[in-house]
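Chemist: Okay, here's the structure, questions in a sec.
The values are calculated or read from the model by the stated rules, or taken from the named source; none is laboratory data. Nothing here was measured: the structure is a model prediction, and the numbers come from that model. Cβ atoms come from the backbone with ideal geometry, glycine included; neighbour counts cover every protein chain shown.
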Amino acid sequence: MSTVGVVRFPGTNCEFDTVEAIERLGGRGRIIWHEDTHLDGIDAVVIAGGFAHGDYLRPGAIARFSPIMSAVISAAGEGMPVVGICNGFQVLTEAGLLPGALQKNRGLTFINDWQNLRVSSTNSVFTSAAEVDRKLRIPINHFEGNFTCDDSTLDDLVANDQIVLTYVDNPNGSVGDIAGICNRERNVVGLMPHPERASDAMLGSNDGNILMESLLASI
Amino acid sequence: MKFHAVIDVQLHPGIADPQGSTIERALPTLGFDAMSNVRSGKSFHLDIEADDEVAARATLTEVCESFLTNPVIEAASIELTPAEGAGS
């Protein structure tokens, strides 16, 4: 059985929902403490949402220096699937595993709402089971979710098909309506929406499952 | 030598600053209606040991670029002064 390690920093608060969503789809989820230094027995990593290290300095800025991140960066370099959700996306940009940064939302408010997303690329470990243009209803829950980068980085993201998810109605001002991107090698994905919160019709949507299924299929 | 450093971190122009915007909107309601372009930021105060000011600045620049700022959205300026008792 595939084991997905879900990283838990002080302040992470989506790790159990993420494990639940993975296990409902037949995977095994294992919480990994941020002070751990290895990923033995782990086939893929999810950096779950929350407020790692209290978001002190900047979201993700301190988390990047947690001991587990050396192992995550090394594993990502060797091709292990690594997904960052919400705060996890911020951690991945701060760690240099993904380009760009997440700035405060355009409307200057925290947004907690459902979003319609469009699958822009299926060529990543988190979207491979979906189809291009498929609409997904998945919630967002963030203040700093406004993806930004310089023009040449954006050109690169487009040219290399690294934009994997976009907002249908851009809620936060993200450049290019970007909700999620991957690295050039396509094994590291970051997204602001929370697929683990759209893992059962009872929650209002199960559209997040296709993303988690993609991750499990990528292992 | 020991230096005292004051590091000022500001968002790049154009990057949203809700705190600055909120303060700016509040000022007129308090009767201060002559102010505009309010931007908030962060400052860090610290002491650093280095051979000279050039070396201290080089180290702090590295710290700013790798940790204290996210260069995609922020920039830092560094002020250095000899710390109390320096040279004695």
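Chemist: Output the residues belonging to region B:10-29 that are of a type in the set (Gly, Ala, Ser) and touching a Leu at 6+ places or on another chain (Cβ under 8 Å).
Modeler: Passing the criteria: B:Ala16, B:Ser21.
Chemist: Does region B:1-32 hold any residues that are over 25 Å from A:Gly107 (Cβ atoms) and away from every other protein chain (no Cβ under 13 Å), and which are they?
Modeler: Scanning region B:1-32 gives B:Met1, B:Lys2, B:Phe3, B:His4, B:Ala5, B:Val6, B:Asp8, B:Gly31, B:Phe32.
Chemist: Within region A:167-203, which residues are of a type in the set (Gly, Ala, Ser) and farther than 22 Å from A:Gly145 by Cα?
Modeler: The first filter runs over region A:167-203 and keeps only residues of a type in the set (Gly, Ala, Ser), leaving A:173-174, A:176, A:179-180, A:190, A:198-199, A:201.
Residue satisfying the conditions is A:Ala201 alone.
Chemist: If you don't mind, another one. Looking at the structure I just gave you, is A:Ala101 more than 20 Å from A:Val6 (Cβ to Cβ), buried (at least 18 other Cβ atoms within 10 Å of the Cβ) and more than 15 Å from the chain's Cα centre (by Cα)?
Modeler: On the way: more than 20 Å from A:Val6 (Cβ to Cβ): yes; buried (at least 18 other Cβ atoms within 10 Å of the Cβ): yes; more than 15 Å from the chain's Cα centre (by Cα): no.
For A:Ala101, the condition - more than 20 Å from A:Val6 (Cβ to Cβ), buried (at least 18 other Cβ atoms within 10 Å of the Cβ) and more than 15 Å from the chain's Cα centre (by Cα) - is not met.
Chemist: Here is a list: A:Arg24, A:Arg106. Which entry is more than 18 Å from the chain's Cα centre (by Cα) and under 22 Å from A:Val164 (Cβ atoms)?
Modeler: On inspection, the qualifying residue turns out to be A:Arg106.
Chemist: Given the conditions (1) within 17 Å of B:Ala76 (Cβ to Cβ); (2) within 14 Å of chain A (Cβ to nearest Cβ), report the number of the one that B:Ile48 does not fulfil.
Modeler: (2)
Chemist: May I ask you to list pairs of residues, at least six apart or on different chains, whose Cβ atoms are under 9 Å apart, with the first in region A:202-213 being of a type in the set (S, T, N, Q) and the second being surrounded by 21 or more Cβ atoms within 10 Å (Cβ to Cβ) and in a helix (DSSP H, G or I)?
Modeler: Final answer for the pair search is A:Ser205/A:Arg197; A:Ser205/A:Ala198; A:Asn206/A:Ala198; A:Asn209/A:Ala21; A:Asn209/A:Pro195; A:Asn209/A:Ala198.
Chemist: Here is a list of conditions, (1) within 26 Å of B:Pro13 (Cβ to Cβ); (2) within 14 Å of chain B (Cβ to nearest Cβ), and A:Val158 meets all of them except one; can you say which number that is?
Modeler: For A:Val158, the failing item is (2).
Chemist: Another question, then. Taking interchain pairs and intrachain pairs at least six residues apart, which have beta carbon atoms under 6 angstrom, with the first residue in region A:87-112 and away from every other protein chain (no Cβ under 11 Å) and the second among the aliphatic types (A, V, I, L, M) and assigned to a loop (DSSP other than H, G, I, E, B)?
Modeler: A:Gly88/A:Ala48; A:Phe89/A:Met192; A:Leu92/A:Leu98
Chemist: May I pose another question? Which residue is farthest from the other protein chains (Cβ to nearest Cβ), if the candidates are limited to region A:58-74 and must be part of a helix (DSSP H, G or I), crowded, with 20+ Cβ neighbours inside 10 Å and among the aliphatic types (A, V, I, L, M)?
Modeler: Restricting to residues being part of a helix (DSSP H, G or I), crowded, with 20+ Cβ neighbours inside 10 Å and among the aliphatic types (A, V, I, L, M), the top hit is A:Ala71.
Chemist: Does B:Phe32 meet the test of being modelled with pLDDT of 95 or more, aromatic (Phe, Trp, Tyr) and surrounded by 15 or more Cβ atoms within 10 Å (Cβ to Cβ)?
Modeler: no
Chemist: What is the residue count in region A:40-52 for residues that are within 18 Å of A:Asn141 (Cα to Cα) and either in contact (Cβ under 8 Å) with a residue 60 or more places away in the chain or within 14 Å of chain B (Cβ to nearest Cβ) (or both)?
Modeler: Count: 3.
Chemist: Among the numbered criteria (1) outside any helix (DSSP H, G or I); (2) of a type in the set (Ser, Thr, Tyr); (3) under 23 Å from A:Leu108 (Cα atoms), which single criterion is violated by B:Thr81?
Modeler: For B:Thr81, the failing item is (3).
Chemist: Kindly indicate whether any position in region B:39-54 is part of a helix (DSSP H, G or I) and on the phi < 0 side of the Ramachandran plot.
Modeler: yes
Chemist: While we're here: Counting only residues that are loosely packed, with under 15 Cβ neighbours inside 10 Å, without any contact (Cβ under 8 Å) to a residue 40 or more places away in the chain, of a type outside the set (Asp, Glu) and in a loop (DSSP other than H, G, I, E, B), how many does region A:20-39 have?
Modeler: Result for region A:20-39: 2.
Chemist: Additional query: Considering region B:35-58 alone, what residues qualify as being surrounded by fewer than 15 Cβ atoms within 10 Å (Cβ to Cβ) and over 25 Å from A:Asn146 (Cα atoms)?
Modeler: Pass one, region B:35-58, residues surrounded by fewer than 15 Cβ atoms within 10 Å (Cβ to Cβ): B:35-37, B:39-40, B:43, B:45-47, B:49, B:51-55, B:58.
Within region B:35-58, B:Met35, B:His45, B:Leu46, B:Asp47, B:Glu49, B:Asp51, B:Asp52, B:Glu53, B:Val54, B:Ala55, B:Ala58 qualify.
Chemist: Further question: Here's a check for you: in region B:54-74, which residue that is within 16 Å of B:Ala5 (Cα to Cα) and of a type in the set (A, V, I, L, M) is farthest from the other protein chains (Cβ to nearest Cβ)?
Modeler: Step by step, filter region B:54-74, then rank; the result is B:Val54.
Chemist: Does region A:56-107 hold any residues that are acidic (Asp, Glu) and either in contact with a Pro (Cβ under 9 Å, 6 or more places away or on another chain) or modelled with pLDDT under 95 (or both), and which are they?
Modeler: The answer is A:Glu94, and nothing else.
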